[in-house]
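Asks: Structure provided below as structure tokens; questions to follow.
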Amino acid sequence: MKRILIVDDDNSYCKTIKAVLEDNYEVEIINNPLDYFIVIKNQKFDLYLIDLKMPEINGKQFIKIIEKNNDDTPIIVLTGCEDDSEEKDLLEYNISDYIRKTANLEVLVARINNAIKKGHKNKNIGFLYDEKEKIEIDLDNRLVKRNDKIIRLPFIEFELLCFLIKNKGTTFTREEILNRVWHEEYNYKELRTVDVHIQRLRNRLKIRSIVTIYGVGYRYNE
């Protein structure tokens with residue numbers, strides 16, 4: 001059974017939604033967003049329902065926390081606000097949907113079903129190959145093989161490798177890599193992170209195709 005996590009400080013509303021959903025889904029409620037780190041240690045979810053207006057950490061801040069945790073679980077944002085500007089602002093975030101709490105419960109359930117059907121935001125189907133380095137990447141199952149041997153990569157290194165192989169022959173600055181792989185705006189303090197993960201990829205895979213373009217950034221050679 002698919003699992004949904006509701007994150008909302010309004011416990012009464014949470015219980016109402018849970019009662020509507022629990023015939024078809026396993027539903028868990030947390031009223032404090034910081035409890036997210038506790039529940040995800042032992043559980044995985046197929047959807048997060050997140051209240052936009054929470055007292056200590058608001059919905060937008062919480063979405064950034066989820067993204068920094070490399071969690072690609074689909075997100076639906078709930079709000080009691082009728083201001084259209086809020087919806088406009090949320091279009092900048094990587095969320096599946098935005099629903100007002102005043103919406104009909106049947107509409108809410110339909111949108112939840114749709115978001116879960118679409119699945120995880122970053123899920124890809126297919127394979128990537130580099131014949132020269134004997135690398136095969138199963139995008140759907142997030143598996144990397146080199147010389148037919150499985151190489152275990154952490155989440156961000158997998159994303160970085162896929163990005164570079166998809167863009168063979170193109171030189172990227174560290175700022176561009178940070179923005180397109182980490183989805184973060186340029187911050188000079190974070191640039192060292194790119195260097196560290198590039199070096200780890202080279203060491204784990206024992207490849208020479210990821211080259212340093214001095215004074216510019218990195219390129220995956222064709």
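The values are calculated or read from the model by the stated rules, or taken from the named source; none is laboratory data. The structure presented is a predicted model; accordingly, all values stated were derived computationally and were not measured. With ideal geometry, Cβ positions are generated from the backbone for all residues, glycine too; neighbour counts draw on all protein chains shown.
Asks: Give the residues of the stretch 131-140 that are assigned to a loop (DSSP other than H, G, I, E, B), closer than 17 Å to VAL181 by Cβ and modelled with pLDDT of 90 or more, sorted by residue number. I'd like the intermediate steps shown before the answer.
Replies: Pass one, the stretch 131-140, residues assigned to a loop (DSSP other than H, G, I, E, B): 131-134, 139-140.
Subset that is closer than 17 Å to VAL181 by Cβ: 139.
Selection gives nothing.
Asks: Further question on the same structure: Looking at the stretch 137-168, which of its residues are among the acidic types (Asp, Glu) and closer than 17 Å to ILE207 by Cα?
Replies: To start, the set of residues in the stretch 137-168 that are among the acidic types (Asp, Glu) comprises 138, 140, 148, 157, 159.
Within the stretch 137-168, ASP148, GLU157, GLU159 meet the criteria.
Asks: Could you check the stretch 4-120 for strands (runs of 3 or more DSSP E) lying wholly inside it with 2 or more residues that are touching a strand residue (DSSP E or B) at 6+ places or on another chain (Cβ under 8 Å) and free of Cβ contacts under 8 Å to residues at least 24 places away in the same chain?
Replies: Values: elements: 26-30, 47-51, 75-79, 97-100.
Those strands (runs of 3 or more DSSP E) span 97-100.
Asks: Checking THR73 against (1) over 23 Å from ILE156 (Cβ atoms); (2) at pLDDT 85 or above, only one condition comes out false. Which one?
Replies: Of everything listed in (1) over 23 Å from ILE156 (Cβ atoms); (2) at pLDDT 85 or above, THR73 misses just condition (1).
Asks: Here are some residues: GLU56, GLU82. Which one is exposed (fewer than 13 other Cβ atoms within 10 Å of the Cβ), modelled with pLDDT under 85 and touching a helix residue (DSSP H, G or I) at 6+ places or on another chain (Cβ under 8 Å)?
Replies: Values: GLU82 fails: touching a helix residue (DSSP H, G or I) at 6+ places or on another chain (Cβ under 8 Å).
After applying the criteria, what remains is GLU56.
Asks: So, one more: Could you figure out which of (1) under 23 Å from the mean Cα position of the chain (by Cα); (2) modelled with pLDDT of 95 or more isn't true of VAL211?
Replies: All conditions pass for VAL211, except number (1).
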